[in-house]
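> Handing you this structure, nothing more for now.
Every number in this text was worked out from the coordinates using simple rules, so none of it is lab data. Owing to the predicted nature of the structure, the values given are computational and were not obtained by experimental measurement. So basically every Cβ, Gly included, is an ideal-geometry build from the backbone, and we count neighbours across all protein chains shown.
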Amino acid sequence: MKEKIFSYINNSADLAVELETGLTKLPAIAPESGGDGELEKCLFLENWLRAHGITRLERFDAPDERVKSKIRPNLIATIDGGDENKGRLWILSHLDVVPPGEDKLWNSDPWTVIRKDDSPGPRVIGRGVEDNQQGLVSSVLTALAFVSQGLKPSRTIKLLFAADEEVGSAFGIEWLVNNHRDLFKKDDMVLVPDGGDTKGECIEVAEKNILWMKFATHGKQAHGSMPDLGANAFLAGAILGFRLHKELSAKFNKRNPMFDPDYSTFQPTKKEANVPNINTIPGEDVFYMDMRVLPCYSQEAVLAKIDKIKSRIEKEFHVTVEYNIEQSTCSKATDIKAPIVTLLNKAIPEVYSVKPRPIGIGGGTMAAYLRNIGIDCAVWTKTQETLHQPNEYALLENILGDAKVFALLAIS
């Protein structure tokens, strides 16, 4: 069976380009980024899959009043396996993409796929072709390798094409876990092809906990020449940002070599404008922080320390500080001996001739939501790491190679 599957995949480069081209033509951008969601792209994919023989399809639409269709679609394709006693293999990709950014940085239209065969190898170029259409197309090629040849995988394959991953998954995997928990079973194995490295070595089994926070400092506006009549919200906010960075880093200082960087990070980032002129002491000031915390620490412990630092600033500068959690994810780790990791450790060397190793990452993926309900997940793909960049591209070698790895998991 493996030889037939691999032969089909080896001859599927043109099919991969066809699907990449059709998907890229339909920008699927979240309303937070100025888009209208994923429905058009999802409908195209549904029709394309049916036309190519993948007909067991289900839609789970999350309501969202901000988009024209009022829904954010999540599509699931199922390919039945031959052994019901084996845990099902889920492959989770996402439909949405990020905006292309500055047009002048692109060498071509970001929504029109360009195929090139020069260095670094045969590839497709366009927004979304790697993030996350490489994983999506690879998973589809795996399914087609079985369906088109009348072959049954050992274990049932479930392909999820989710909405809303790029801005937090509230209408995607998080919504599915909260509203359709029965879709997932404890013995499922889940692969998320949405992170990796250029060699295909890294299997992500853990994520730092993400905490994005907004801090609003309220003081008293005054003339720049008479600071004693006011309470400088900018000054208080700036020192608050510095102390949060310094004291949180010192308090939560453990290191874990599985991650890069191997420590928790607490970084002031975005800053909102305050007064429009130089000679006014601002009474209001707002800044944001991006915190990536090793999973050995709880969010509650971090927030408790933040409250202590905030209280000291309020007393020292005669201001009040409010904070809001803009985004928060807490994820359990996957055991490096879990079946999905064990099978990847066998499949990856067979296709790519590299030795896999487990890692942790600072970003968040869809895996976090399933790990937190007790389902083993791994994040893996062989990637050129051009995601979110101008002239994003995906190597055809990676699309086809990853499909072979997925197939080996399905027949194991």
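> Output wanted: per-residue J couplings in Hz (rounded whole) for region 60-67, from phi through Karplus 6.51 cos²θ - 1.76 cosθ + 1.60, θ = phi - 60°, x for Gly and Pro.
10, 9, 8, x, 8, 5, 7, 9
> Can I ask one more? Distance between Cα centroids, region 34-85 to region 239-302: provide it in whole Å.
38
> To continue, here is another question. I need the phi-derived Karplus couplings for region 174-183: 6.51 cos²θ - 1.76 cosθ + 1.60, θ = phi - 60°, integer Hz, Gly and Pro marked x.
Taking θ as phi minus 60°, the curve returns 5, 5, 5, 5, 7, 10, 9, 4, 5, 5 Hz for region 174-183.
> Taking the Cα centre of the chain as origin, work out the dipole magnitude from +1 charges on Lys and Arg Cβ and -1 charges on Asp and Glu Cβ, in debye rounded to 20.
1060
> Oh, and also: List the chymotrypsin sites (Phe, Trp or Tyr not before Pro) in region 202-272 that DSSP assigns to loop (not H, G, I, E or B) and whose Cβ has at most 10 other Cβ atoms within 10 Å. Which are they?
Listed in order of number, the matching sites amount to none.
> On the first, second and third principal axes, largest extent first, how far apart are the outermost C-alpha atoms of region 200-269 in Å?
The Cα atoms of region 200-269 stretch 60, 21, 15 Å along the principal axes, largest first.
> Stokes-Einstein D for region 94-181 at 4 °C, 1.567 mPa s, Kirkwood Rh over Cα pairs, in µm²/s?
Rounded to a whole number, D works out at 83 µm²/s.
> Classify region 270-401 as rounded, prolate or oblate, taking a ≥ b ≥ c as the square roots of the eigenvalues of its Cα gyration tensor: rounded when a/c is under 1.5, otherwise prolate if a/b is larger than b/c and oblate if not.
Oblate shape, in that a/c is at least 1.5 and b/c is the bigger or equal ratio.
> If I model a spin label at residue 262 and residue 18 as a point 7 Å from the Cα along the Cα→Cβ vector, what separation in nanometres do I get?
4.9
> Run the helix sum for the chain: -39,500 (n - 2.57) per DSSP H stretch of 4+ residues, divided by residue count, reported at 222 nm to the nearest 500 deg cm²/dmol.
Helix-only estimate at 222 nm: -10000 deg cm²/dmol.
> If you don't mind, there's one more thing I want to ask. Given a Förster distance of 56 angstrom, what is the FRET efficiency for residue 119 paired with residue 373, based on the Cβ-Cβ distance and rounded to 0.05?
FRET efficiency, residue 119 to residue 373: 0.80.
> In percent, what relative contact order does region 209-329 have, based on Cα pairs under 8 Å that are 6 or more apart in sequence?
Averaging sequence separation for qualifying contacts and normalising by length gives 45 percent for region 209-329.
> Between residue 198 and residue 109, what length in nm is gained on full extension when 0.36 nm per residue of separation is reduced by their alpha carbon distance? Don't skip to the end; give the middle numbers.
Details: separation 89, 0.36 × 89 = 32.04 nm, distance 2.53 nm.
Gain on extension, residue 198 to residue 109, equals 29.5 nm.
> Another question, then. Using 18 Å as the cut-off for backbone N distance, which residues of region 16-34 belong to the label zone defined by a point 7 Å from the Cα of residue 179 along Cα→Cβ?
Within reach of a label on residue 179: 30-32.
> Which of the three applies to the chain, rounded, prolate or oblate, going by the alpha-carbon gyration tensor with a ≥ b ≥ c and a/c under 1.5 meaning rounded?
Since a/c reaches 1.5 and a/b is larger than b/c, the shape of the chain is classed as prolate.
> How many angstrom lie between the C-alpha centres of region 353-412 and region 143-197?
Between the Cα centre of region 353-412 and that of region 143-197, the gap is 13 Å.
> Here's something else I'd like to know. Projected onto the charge dipole of region 292-402 (+1 at Lys/Arg Cβ, -1 at Asp/Glu Cβ, origin at the Cα centre), which of 394, 296, 339 gives the Cα projection farthest towards the positive end?
About the Cα centre, the residue reaching furthest to the positive side is 296.
> Let me ask another. What aspartates and glutamates could a cross-link reach from residue 308, if we take a straight Cα to Cα line under 12 Å and drop same-chain neighbours fewer than 8 places away?
247
> Further question on the same structure: Among the DSSP beta bridges whose two residues both lie in the chain, what percent are antiparallel, rounded to the nearest 5? Can you show the working numbers first?
On the way: 48 of 66 bridges.
Taking every DSSP beta bridge with both residues in the chain, the antiparallel ones total about 75 percent.
> Under 5 Å between amide hydrogens, which residues at least 5 positions from residue 207 or on another chain qualify, with H placed 1.01 Å from N in the peptide plane?
The list, which skips near neighbours in sequence, is 361.
> Given region 209-329 reduced to its alpha-carbon atoms as identical point scatterers, what log10 I(q)/I(0) does the Debye formula return at q = 0.12, 0.14, 0.17, 0.21 Å⁻¹?
The computed values of log10 I(q)/I(0) come out as -0.46, -0.60, -0.81, -1.11.
> For residue 391 and residue 354 in one chain, what is 0.36 nm times their gap in residues minus the Cα-Cα distance, to one decimal in nm?
Stretched fully, the residue 391-residue 354 segment lengthens by 10.6 nm.
> Subtracting the Cα-Cα distance from 0.36 nm times the residue separation, let me have the gained length for residue 316 to residue 254 in nm, one decimal.
The span from residue 316 to residue 254 would gain 19.3 nm if fully extended.
> While we're looking at this one, here's another question. Could you give each residue of region 105-122 its phi-based ³J(HN,Hα) in whole Hz, using Karplus coefficients 6.51, -1.76, 1.60 with θ = phi - 60°, and x for Gly or Pro?
Values, residue by residue: 7, 8, 8, 7, 5, x, 9, 10, 5, 10, 9, 10, 10, 8, 5, x, x, x Hz.
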